Amino acid sequence: FSGQDDANNWFDGGLAYDHGWVGVQMIESAIQQNDPILKEKYRNSVELAAQYCISEFSVKNHNYTAKLIWLLAQMYAWTGNPIYANELNYKLDKNLIPGILWDETNDGIVDGTSPQINFSNLTPVAQEPGRMWDGHNSLPWYHAINTSALTEAYVAFRDQGDLVRANELKPYVIAMVDNLANEIVNQGVVAPDQLGVRDITYSLL
């Protein structure tokens, strides 16, 4: 079962949201399991889950794709298999990174906007680079999901010795976390009974 129908050129991506975190838990199960038979079964299972991540389309709702990025990053960190690095790079470059408000030249103008938009004209939480550009993903809960996924990708490349790629991702990671922390300091925290508190704290951690 999938959140996409290739024959009719339809895809949603919603299943990726749960697929990602369940897959990451399966990795942890495989690592922690002492029974060699179960360990192998868990590993085979999560390898199938990772193949699904590779086949799943990226979608405009970035936090869905971020869950796939999270699982692929964990798989790359765990196995070192370049197939996961390749797909990780593809989803980062085609989906998550372009969704971040950015200022490569430090001129105060949001990169890629035409007509040009000044950061000073954005809402307070978006006036510093690092926020997700669209209204849904810029909410602190979803922004945190995207931030933690990019952080996991950075850590995977760093720990696998690809320091060039890690260093490319690090400024985005820092800006996204700084942006989230700035919102909490200046706007307050989400009530503890609200959805998303776990993702915000995980991202900061």
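The values are calculated or read from the model by the stated rules, or taken from the named source; none is laboratory data. Given the structure is predicted, the values throughout are model-derived calculations rather than measurements. Every residue, glycine as well, gets a Cβ built from its backbone with ideal geometry; the counts of neighbours run over all protein chains shown. SASA here: full protein model, heavy atoms, side chains in, ligands and nucleic acids out. Shrake-Rupley method; radii C 1.70, N 1.55, O 1.52, S 1.80 Å.
Hey, any hits in segment 116-136 for a residue that's within 21 Å of Leu72 (Cβ to Cβ), in a helix (DSSP H, G or I) and not acidic (Asp, Glu)?
No: zero hits.
Show the residue pairs meeting these rules: Cβ distance below 7 Å; 6+ apart or different chains; first residue within segment 90-106 and farther than 14 Å from Leu150 by Cβ; second residue open to solvent by less than 30 Å² (accessible area, probe 1.4 Å) and aromatic (Phe, Trp, Tyr).
These pairs meet every condition: Asp103/Phe119.
Give the residues of segment 142-171 that are within 16 Å of Val125 (Cα to Cα) and open to solvent by 10 Å² or more (accessible area, probe 1.4 Å), sorted by residue number.
Tyr142
For segment 172-201, give me each residue that is closer than 12 Å to His143 by Cα and either of a type in the set (Phe, Trp, Tyr) or assigned to a loop (DSSP other than H, G, I, E, B) (or both).
Gly196
Within the set of pairs 6 or more residues apart or between chains, which connect a residue that is of a type in the set (A, V, I, L, M) inside segment 181-193 to a residue that is part of a helix (DSSP H, G or I) with Cβ atoms less than 7 Å apart?
Close Cβ pairs (under 7 Å, with a partner that is part of a helix (DSSP H, G or I)) amount to Ala181/Leu204; Val190/Pro140; Val190/Val197; Val190/Ile200.
Step by step: first the residues of segment 180-205, then only those that are in contact with a Leu (Cβ under 9 Å, 6 or more places away or on another chain) and open to solvent by less than 30 Å² (accessible area, probe 1.4 Å), then the one that is farthest from Arg131 (Cα to Cα). Which residue is that?
Within segment 180-205, the match that is farthest from Arg131 (Cα to Cα) is Gly196.
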